[in-house]
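This report refers to the structure that appears directly beneath it.
Every number here is computed from the coordinates shown, using simple stated rules; none is lab data. What you are looking at is a predicted structure, and each value in this text was computed from that prediction instead of being measured. A quick note on method: Cβ atoms are made from the backbone with ideal geometry, for glycine too, and the neighbour counts reach across all protein chains shown.
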Amino acid sequence: MDTLHLHINSKRFRVLIGTGGIGSGSFFRLNENHTLGREESRSGVFLDQKDYCKLHIITHYIKSFLEESIDLFPVGRIGDDSVGNQLLKEMRTVGMSTDYVRVEKGEDTLFSFCYLYPDGSGGNLTTSNSACSKTRPDDITKTKYLFSENVKKGIALAVPEVPLETRFELLQLATEYKFFRAASFTTEEMLSVLDSNILNKVDYLAINIDEAAALIGSVNKLKSSSEVVEKVVLYSKENYPGLYLSVTDGSNGSWAWDGHSLEYFNAFQPKKVFNTAGAGDAYFAGVLTGISTGSTFHEAQRIGALLAAYSVTSNHTIHHEVSRRTLIKFAQTQKISLRIQE
C-alpha cells in the first residue's frame, strides 16, 4: 500500500487570496442521445445535482481540509439575489472570509445551466453578464495590505470567470509580494494569455488536455494526450523554465511537470461515479493543499488525483463531505495510506 504524508501545521503558507468564478447552476438531463439541434425542442428532467463555479470549488476544498491552518480570502462579486446569499452563507460556514465578495445591486449571480445526454456527455451554458464579470482590478487592490502582511507566506489563486485584467492584477501583486502564484485559463483565453505574457507571473499552471492543446496552438492536430503533454512541456521548458505544470485528462489520468521531470499518474477509480463535473477543480485544490503542507509537486499530484476521485462520488460539483477524516477513509479504498500530521 502506497503512503502519502501531509503535515498540516508546516505553516509554509498562512493565507490564500483568490479571484475567479463565484456562482451556481443546475443540471438537466436530456432525453435521447442525438445532438440537440439548433431549433429543436427536447424533453428532459432536472437532476438533484448542484453546480458551483471554479473559485468556490477550489477554495472550499482547501479550507475544508486545511481548516484553521490557512486564512482564505476569495475576491469577486455576486448578485443581490437568493443564489448569491446562499453562496455567501456556504462560504462563511466552511470558514472563508467574505469581506472581499461584493454584492452587486441590480445584478444576477453567475449561473450555469449544465445539460447532459443519457450517455453522460454534455455541455453547459453560462451567463456572461453576471455580477462576476464586473469584478475589477480595484477589487484586488483592496487586498494589498493582506499581501504586505504575508510576504512569502501566501498563495495567489487566479482562475476563470472573472475578467483577465482582474486576474492579471492579482498575479502582479503576488509577484511584488513574493506569493506562490497559481492560475488556470480556459481554452478560449489562451491566445490572450500568450499575447500578454502573463505566464511569467505564474508558478503553477493547472490546465486540462484541451487547454494544453490550445496553449501550443495544436487543437485537433495531435494524435494522443501524451503527445500534447510532451509538446506543452517542451514549450514550457523553452519559454517558462521553472514553471510547475499539471495537465488533467479525466479518467485517463494526469501529468505533472515540476520544471525538471514529467510524471504520469493513473486516475484513481472509485466504485461509483455520480458526477464528474468539477473533478479538475478538485484536482487543482488537492495539488495546492499538498504544496501548502510542504509536499513535493509530484506528491501533491497524487493528493490532487485522490481528491478528484473522491469528488466524483458526490452528485454535486462540491462534495460537502470532504474532510481529513473522509479523505483518509476514501484513500483506503484506493489502497493508499494517507497519513496526516497535525
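A few notes on this one:
- Square roots of 5 times each gyration tensor eigenvalue, C-alpha, region 111-174, largest first, Å: 33, 14, 8
- Evaluating kT/(6 pi eta Rh) at 10 °C and 1.306 mPa s, with the Kirkwood radius of region 269-342 over Cα pairs in the Stokes-Einstein relation, gives 130 µm² s⁻¹.
- Inter-site label distance for Lys105 and Thr276 at 7 Å from Cα along Cβ, in nm: 4.6 nm
- Nearest-0.05 FRET efficiency for Ser148 and Ser261, computed from C-beta distance (R0 35 Å): 0.50
- Bridge type composition, region 103-198 - antiparallel percent by DSSP, nearest 5: 55 percent
- Dipole size of region 179-238 about its Cα centre, with +1 on Lys/Arg Cβ and -1 on Asp/Glu Cβ: approximately 140 debye, rounded to the nearest 20.
- For the chain, adding -39500 (n - 2.57) for each run of n ≥ 4 DSSP H residues and dividing by the number of residues yields -10500 deg cm²/dmol at 222 nm.
- Spin-label pair Asp48/His34, simplified geometry with 7 Å Cα→Cβ offset, distance in nm: 3.3 nm
- Each 5 Å bin from zero holds the following percent of Cα-Cα pairs in region 1-128: 2, 9, 17, 17, 13, 12, 11, 9, 5, 2, 1, 0.
- Taking trypsin sites (Lys or Arg not before Pro) in DSSP loop conformation with at most 10 other Cβ atoms inside 10 Å as exposed sites, the chain has its longest uninterrupted site-free stretch at 153-222.
- The chain: antiparallel DSSP beta bridges as a percent of all, rounded to 5: 35 percent
- Percent breakdown of C-alpha pair distances by 10 Å bin, ordered from the shortest bin, for the chain: 6, 26, 36, 26, 6, 1
- For region 127-284, alpha-carbon Rg and Dmax in angstrom: 16.4, 48
- Taking 0.692 mPa s as the viscosity and 37 °C as the temperature, the Stokes-Einstein diffusion coefficient of region 61-157 based on its alpha-carbon Kirkwood radius rounds to 213 µm²/s.
- Shown here is the pair-distance distribution of region 193-331: with all Cα-Cα distances grouped in 10 Å bins from zero up to the longest one, the shares run 12, 42, 33, 12, 1 percent.
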